[in-house]
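Just below is one structure, and these are the notes that go with it.
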Amino acid sequence: MNDAYIVGVDMIKFGRFPEKTVPEIGAESALLALDDCGLTIQDMQALYCGNLGQASAMVGQRLLQQIGQTGIPVVNVSNACATGATAFREAWASVKAGLYDCVLAVGVEQMGKGLLGGSGGATGISKEGLLGSGTMPAVFAEAGMEHTNLYGTTFEQFAKVSVKNHHHSTMNPKAMYQIETPLDTVMNSEMISYPNTKLMCSVNVDGSAAAVICSEEKAKELGLMKRAVKVRASVLTSDPWQERDLVMPDVNSCTRKASAEAYEMAGLGPDEIDLVELHDCFATAEILHYENLGLCEKGEAGKLIDDGEVELGGRIPVNVSGGLLSKGHPLGATGIANIYEVTTHLRGEAGQRQVEGARIGMTHVIGLGSACGIHILEKT
């Protein structure tokens, strides 16, 4: 099978753009990614577009109306918070299989404000308020408290995740918020669902990110290997059946499964990863995923944040972009935005927030429902 490489990648600065349509927002990052490698839409053989909020609206085709309708096949995907990662993986798989030589993956979302989750479109008696809450702040608060019960993880340790990620965001011009949030500010901000305060919750924003993926042969033919980044592993999982899922979702299992498969596919171990962009939808989630991704042993995540090992300059920097807590979380775009961040570091182009000497990076997203996408990328 072919090796597949990221040859162009970019994202727009996340924010709120009520004056723009979803296809317009997506078109911006598509053009940026094409410009990044000096190609045009005429060079693309297929488009894979991820979007959640307008999943039935053929966003990919409408996006092409903005940048050029060349008649190529368009695949629209929707997979909760893993939507962008799924679009990227489908694009990667098509190149890996030899179906195409050069394809475009775009993730885009226009978000509202307020809580995510709840009963949604379910029928029958709603469990909301009867069996706890299905809103995302409540789900991840429960998961954090379960970790506290098992390992003694503290409110302060969870809050330190927000302090770290907001500090990182001050070095990322494409983050929604670029502000410092001292520990006491985080801990004393409005409580949303204990232990997650408002500053420990991800930001609903509009945004898009895009990547151009080529086969090794095509990348060499186009003279694009100098900045190309190899996709060493691409994995997508869903939850195995568990009895607890009948009442309370498990936010850990599909990440553990995906990370094990990704390390096996890449032929690497977690000790060989130089940086990680993981799904910090809430501060509690980041703590859990340190362990789920094998960055530390079970029960040691609190120590990892206390010792500064996951900060820029630490042993394994996590969410140097600022993460979803401050960069923002446009659901359909996040997976590819994470890939943009890691690729930028592997190219040595991350500026003030550069992880020095980075050669291997990992991206991770999880959508409850459930879907987990993990990519391991390698500097060429």
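I'd like the residue in segment 205-226 that is in contact (Cβ under 8 Å) with a residue 24 or more places away in the chain and assigned to a loop (DSSP other than H, G, I, E, B) and, out of all such residues, is surrounded by the fewest Cβ atoms within 10 Å (Cβ to Cβ). Here the answer is Leu222. Cβ separations smaller than 7 Å between residues 6+ apart or across chains give the following pairs from segment 264-277 residues that are touching a residue at least 24 places away in the same chain (Cβ under 8 Å) to residues that are in a helix (DSSP H, G or I) and surrounded by 19 or more Cβ atoms within 10 Å (Cβ to Cβ): Gly269/Tyr263; Pro270/Tyr263; Leu275/Val342; Leu275/His345; Glu277/Asn338; Glu277/Glu341; Glu277/Val342.
Report yes if some residue within segment 272-290 is at pLDDT 95 or above, β-branched (Val, Ile, Thr), part of a loop (DSSP other than H, G, I, E, B) and more than 16 Å from the chain's Cα centre (by Cα); otherwise report no. Checking segment 272-290: at least one residue is at pLDDT 95 or above, β-branched (Val, Ile, Thr), part of a loop (DSSP other than H, G, I, E, B) and more than 16 Å from the chain's Cα centre (by Cα). If the condition is being at pLDDT 95 or above and surrounded by fewer than 18 Cβ atoms within 10 Å (Cβ to Cβ), then segment 97-124 contributes Ala97, Gly98, Leu99. Picking from residues in segment 41-78 that are touching a Gly at 6+ places or on another chain (Cβ under 6 Å) and assigned to a strand (DSSP E or B), the one that is surrounded by the fewest Cβ atoms within 10 Å (Cβ to Cβ) is Val74. Out of all the residues in segment 170-177, is one or more at pLDDT 95 or above, in a helix (DSSP H, G or I) and in contact with a helix residue (DSSP H, G or I) (Cβ under 6 Å, 6 or more places away or on another chain)? The answer is no, given that none of the residues of segment 170-177 is at pLDDT 95 or above, in a helix (DSSP H, G or I) and in contact with a helix residue (DSSP H, G or I) (Cβ under 6 Å, 6 or more places away or on another chain). Is one or more of the residues making up segment 322-336 surrounded by fewer than 24 Cβ atoms within 10 Å (Cβ to Cβ), β-branched (Val, Ile, Thr) and either under 29 Å from Val212 (Cα atoms) or out of contact with any helix residue (DSSP H, G or I) (no Cβ under 7 Å at 6 or more places or on another chain) (or both)? Within segment 322-336 (the criterion being surrounded by fewer than 24 Cβ atoms within 10 Å (Cβ to Cβ), β-branched (Val, Ile, Thr) and either under 29 Å from Val212 (Cα atoms) or out of contact with any helix residue (DSSP H, G or I) (no Cβ under 7 Å at 6 or more places or on another chain) (or both)), the answer is no, since none of the residues qualifies. I want to confirm something. Restricting to segment 270-299 and keeping residues that are out of contact with any helix residue (DSSP H, G or I) (no Cβ under 6 Å at 6 or more places or on another chain) and surrounded by fewer than 17 Cβ atoms within 10 Å (Cβ to Cβ), which single residue is farthest from Met191 (Cα to Cα)? Here the answer is Glu272.
The values are calculated or read from the model by the stated rules, or taken from the named source; none is laboratory data. All values reported here derive from a predicted model rather than from experimental measurement. Here the Cβ is made from the backbone with ideal geometry for all residues, glycine too, and neighbour counts use every protein chain on show.
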